[in-house]
Every structure is written in structure tokens, then in C-alpha cells.
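Accompanying notes for the structure given below.
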């Protein structure tokens with residue numbers, strides 16, 4: 001485990017933080033490149049982008065707040081940076097908060113375009129980069145396993161964490177599973193993103209697949225069970241993934257895909 005990436009005297013850069021920042025920078029670079037490619041860049045998109053970041057930061061904290069109440073109660077007794085670093089973060093909450101921030105900002109500014117497709121490649125690439133930081137710096141990696149690719153850590157690394165169930169033997173490298181999923185998703189998106197005819201549905205399809213995948217991975221991540229054998233992320237996904245699926249089904253049933261494909265079919269017929 002490498003929780004500290006660089007240490008120079010009193011200054012140190014945490015591995016998780018460094019990869020989180022790198023993920024945001026790379027993600028926004030891909031996002032803005034896509035906006036420029038589509039000709040969607042204007043002054044309003046800056047406000048929408050800021051709202052996405054603020055919404056993601058708030059969502060990442062709010063969704064895990066009840067798990068780290070002690071840190072919020074002690075805000076007046078510990079450095080703010082320590083409270084922020086140890087008060088919990090959630091990728092699912094970040095995605096939900098960012099999505100809500102974008103929706104509110106677009107409504108407030110009157111931005112007309114469906115920007116979901118501009119985020120389509122940025123999100124899995126950024127997620128894969130961020131999960132590298134998680135893999136290098138967080139324990140437990142997952143639940144115990146006898147599978148040949150299980151990963152064990154040294155007692156010294158496990159001792160650095162107040163709680164590390166499963167660290168006595170090989171564990172599921174759950175972060176690597178998520179990295180692999182998002183790398184494959186990015187490759188599929190690069191190859192097929194222009195074949196999704198309805199604006200914004202490319203992102204919805206990714207979020208649907210990512211939500212289902214994360215729900216399954218939760219069984220080997222080692223998170224605390226909240227209710228009926230399910231973790232809090234799984235309960236959140238049970239409420240949100242069906243909404244995404246219902247939106248796509250609604251689009252199909254109302255003929256949006258058929259109508260969007262018709263011009264292409266007419267062009268091919270006239271050739």
C-alpha cells in the first residue's frame with residue numbers, strides 16, 4: 001500500500017488525493033474537447049461546469065455523512081483538512097450530485113444542449129484514474145477470497161487502518177474490477193458512441209451499466225451491510241438504476257429511437 005505518494009519534509013501528497021485531482025483534470029480535458037468538437041462552447045457552459053464540480057463535491061459528502069457523524073461533530077476540534085479527508089467520499093454520490101448540479105445550472109442559464117454525450121467518455125476515464133488511487137491507498141481491498149487473483153497486504157499496511165476486515169489474507173481487488181469495467185466501457189464508447197441516436201442516452205446507457213456493475217461489485221467490496229444483506233450504495237442504486245432504465249424504455253416506446261434513425265435510413269435508401 002502506498003497512501004503517501006510524495007513526502008518532502010513537512011509536505012506530503014496523499015496518493016488518493018493526487019489521483020483524484022488527476023482524474024478531475026483529465027475528465028474535464030476530455031469533456032471540453034468534446035464540447036469544442038460539437039461546437040457547444042459558450043459562456044454559459046462555464047457556469048454549468050462549475051455547478052457540476054460543486055454538485056459532485058457536495059454529493060460525494062452528503063451520501064456518506066451519516067457514516068461519519070463523529071467527524072462533522074468535531075469540526076471545531078480538528079483541522080478542517082483532516083475532517084474533510086476523513087469524513088467519507090462516494091463516487092456514486094459525486095455522480096448524482098454532479099448530475100443534479102448540471103440540471104439546475106442549465107435550467108438557470110437556459111443552456112439549450114443536452115451535454116450528457118460530452119461527459120460520456122470523460123466519466124469512465126476519470127473513474128478509472130480515481131480508482132487507481134483507491135487501489136494504492138485504501139484498505140480493505142474487498143472481501144476475503146480464495147480465487148487465484150486475490151491480493152494480500154502486509155501486516156504493517158493493515159495496521160495503518162483502524163478497521164481492516166479481511167486483511168489477514170487474500171482479498172478481492174474490487175477497485176481493479178471497477179478499473180477494468182471502466183477501461184472496457186471507455187473502449188466501447190469510443191467505438192460505438194456515435195451510434196446512439198438519442199442525445200443524452202449514451203450517458204444514460206453507461207450509467208445504467210455502471211450502476212448494475214457497481215451493485216454486483218458491492219457484494220465483494222467489503223462495505224458494511226445496512227439492510228437485508230445490502231450495503232448503502234446498493235440501496236441507493238436500487239432506487240436510482242430503475243429510474244434510468246425506465247427513462248430509456250420510455251424513449252424506446254415513444255419511438256424516439258425510430259424517429260432518430262429515420263433520416264439515416266432515408267439517406268441510405270436514396271443512395
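The values are calculated or read from the model by the stated rules, or taken from the named source; none is laboratory data. Since the model is a prediction, treat every value here as computed from it, not as a measurement. Glycine also receives a Cβ, built like all others from the backbone with ideal geometry; neighbour counts cover every protein chain displayed.
Got a number for residues in region 204-233 being under 16 Å from the mean Cα position of the chain (by Cα) and within 25 Å of residue 125 (Cβ to Cβ)?
To start, the set of residues in region 204-233 that are under 16 Å from the mean Cα position of the chain (by Cα) comprises 204-218, 221, 232-233.
Filter again for within 25 Å of residue 125 (Cβ to Cβ), leaving 204-218, 221, 233.
So the answer is 17.
Is region 70-89 home to any residue that is buried (at least 18 other Cβ atoms within 10 Å of the Cβ), closer than 24 Å to residue 238 by Cβ, modelled with pLDDT of 55 or more and in contact with a helix residue (DSSP H, G or I) (Cβ under 7 Å, 6 or more places away or on another chain)?
Yes.
Residues to consider are 26, 62; find the one that is surrounded by fewer than 20 Cβ atoms within 10 Å (Cβ to Cβ) and modelled with pLDDT under 80.
On the way: 26 fails: modelled with pLDDT under 80.
From the options 26, 62, the qualifying one is 62.
For residue 246, indicate whether it is more than 22 Å from residue 145 (Cα to Cα) and under 14 Å from the mean Cα position of the chain (by Cα).
Judged against the criteria, residue 246 is not a match.
Of all the helices (runs of 4 or more DSSP H) wholly in region 90-209, which have at least 1 residues that are touching a helix residue (DSSP H, G or I) at 6+ places or on another chain (Cβ under 8 Å)? Step through it out loud before you land on a result.
Working: elements: 91-109, 116-119, 122-137, 155-159, 174-192.
Passing ranges, in order: 91-109, 116-119, 122-137, 174-192.
Among the residues of region 40-51, which ones are touching a residue at least 24 places away in the same chain (Cβ under 8 Å) and under 15 Å from residue 30 (Cα atoms)?
40, 45
Give the residue, chosen from 216, 187, that is loosely packed, with under 15 Cβ neighbours inside 10 Å and closer than 23 Å to residue 28 by Cα.
Matching residue, one of 216, 187: 187.
So which of 130, 142 ends up being crowded, with 18+ Cβ neighbours inside 10 Å, at pLDDT 85 or above, touching a strand residue (DSSP E or B) at 6+ places or on another chain (Cβ under 9 Å) and within 27 Å of residue 14 (Cα to Cα)? Show your work before the answer.
Working: 130 fails: touching a strand residue (DSSP E or B) at 6+ places or on another chain (Cβ under 9 Å).
From the options 130, 142, the qualifying one is 142.
Here are some conditions: (1) part of a helix (DSSP H, G or I); (2) modelled with pLDDT of 80 or more; (3) buried (at least 16 other Cβ atoms within 10 Å of the Cβ). Residue 5 meets all but one. Which one does it not meet?
Residue 5 satisfies all of (1) part of a helix (DSSP H, G or I); (2) modelled with pLDDT of 80 or more; (3) buried (at least 16 other Cβ atoms within 10 Å of the Cβ) except (1).
Could you please let me know if residue 210 is closer than 18 Å to residue 94 by Cα and crowded, with 18+ Cβ neighbours inside 10 Å? Break it down into steps so the answer makes sense when it comes.
Numbers: closer than 18 Å to residue 94 by Cα: yes; crowded, with 18+ Cβ neighbours inside 10 Å: yes.
Yes, satisfied.
Inspect all residues belonging to region 256-269 and state whether any of them is modelled with pLDDT of 85 or more, in a helix (DSSP H, G or I) and surrounded by 11 or more Cβ atoms within 10 Å (Cβ to Cβ).
First, the residues of region 256-269 that are modelled with pLDDT of 85 or more: none.
No, region 256-269 has no match at all.
Could you tell me whether any residue of region 157-169 is without any contact (Cβ under 8 Å) to a residue 60 or more places away in the chain, in contact with a strand residue (DSSP E or B) (Cβ under 7 Å, 6 or more places away or on another chain) and surrounded by 17 or more Cβ atoms within 10 Å (Cβ to Cβ)? So that I can check it myself, show each step before the final result.
Taking region 157-169 first, the residues without any contact (Cβ under 8 Å) to a residue 60 or more places away in the chain are 158-159, 161-169.
Checking the rest, the ones that are also in contact with a strand residue (DSSP E or B) (Cβ under 7 Å, 6 or more places away or on another chain) come to 166, 169.
If we keep only those that are surrounded by 17 or more Cβ atoms within 10 Å (Cβ to Cβ) as well, we get 166.
Yes: one or more hits.
Output the residues belonging to region 220-255 that are part of a helix (DSSP H, G or I) and touching a residue at least 60 places away in the same chain (Cβ under 8 Å). It would help to see each step written out before you state the result.
Within region 220-255, the subset part of a helix (DSSP H, G or I) is 220, 232-253.
Within region 220-255, 220, 232, 233, 236, 237, 240 meet the criteria.
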